[in-house]
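Structure first, commentary second.
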């Protein structure tokens, strides 16, 4: 009987998460998809079935709610079996400013609760339902180039994404004896709705057109373009393959050269 591996992908309703789901679907993986918007998840699931997935489970879940996360991961394991890989992609972006500086609301708590604590919730929940060894199992975190560099007004986002790299390294050491590989990827500009919204914000702040703002942002990118969501999905797919058997505790950059380590 053919062995079909099972992957859980969070934030799978759009953008990078959707591209990841489609990439794994094309490789015949069993998919479990979570996110906050049930309708978007169902759309991704339908596309994944067309792309080659035989089984797709979906469940809406807010990763800030630990009990809800534990319940959702248990449900997906009951439905599709033990997990061989987890892609912790769910998160939120945008700026945050101290109270009294324009918006009136400091988004720090929400950014950290979602991006850092929510990812921790996901990984700990998934750890309970990983397949037995001896083959490698994989936990992969989607961080950001802003885990590497600072941007004014983005203290919550930068701190939460940088925290993910510490989480990745500590878990990699903790779980290595069980042959569980833990890694992170740090995308730069990726052509998603979130990125396009960011370019719109730059355009409004500069008083220029969207294209002029895009060109301005790409001056800091040696390749002069955003990555495609499919580029990030391809990197993640490689990280859970046997070709990456020696890779753990790493933060891998994919940013067109905007940050070089």
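The values are calculated or read from the model by the stated rules, or taken from the named source; none is laboratory data. As the structure is a computational prediction, the values presented were derived from the model and not from experiment. All Cβ positions, glycine included, derive from the backbone under ideal geometry; neighbour counts span all protein chains shown.
Data overview
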| quantity | calculated |
| --- | --- |
| Single condition residue 203 does not satisfy, out of (1) touching a strand residue (DSSP E or B) at 6+ places or on another chain (Cβ under 6 Å); (2) within 27 Å of residue 110 (Cα to Cα) | (1) |
| Any hit, segment 57-66, residues being under 17 Å from residue 38 (Cα atoms), crowded, with 20+ Cβ neighbours inside 10 Å and modelled with pLDDT under 95 | yes |
| Residue in segment 121-138 that is modelled with pLDDT of 95 or more, out of contact with any strand residue (DSSP E or B) (no Cβ under 7 Å at 6 or more places or on another chain), farther than 15 Å from residue 9 by Cβ and surrounded by 20 or more Cβ atoms within 10 Å (Cβ to Cβ) present | yes |
| The listed residue being without any contact (Cβ under 8 Å) to a residue 40 or more places away in the chain and assigned to a loop (DSSP other than H, G, I, E, B), out of 249, 257 | 257 |
| So residue 166, is it outside any loop (DSSP other than H, G, I, E, B) and either over 14 Å from residue 63 (Cα atoms) or outside the structural domain of residue 96 (by TED's automatic domain parsing) (or both) | yes |
| Extreme residue, nearest to the chain's Cα centre (by Cα), among residues of segment 30-50 that are closer than 16 Å to residue 5 by Cα and surrounded by 17 or more Cβ atoms within 10 Å (Cβ to Cβ) | 33 |
| Residue check for residue 75: modelled with pLDDT under 95 and either out of contact with any helix residue (DSSP H, G or I) (no Cβ under 8 Å at 6 or more places or on another chain) or closer than 20 Å to residue 184 by Cβ (or both) | no |
| Selected residue (only one of 213, 184, 176, 205 is in the same structural domain as residue 141 (by TED's automatic domain parsing), assigned to a helix (DSSP H, G or I) and at negative phi) | 176 |
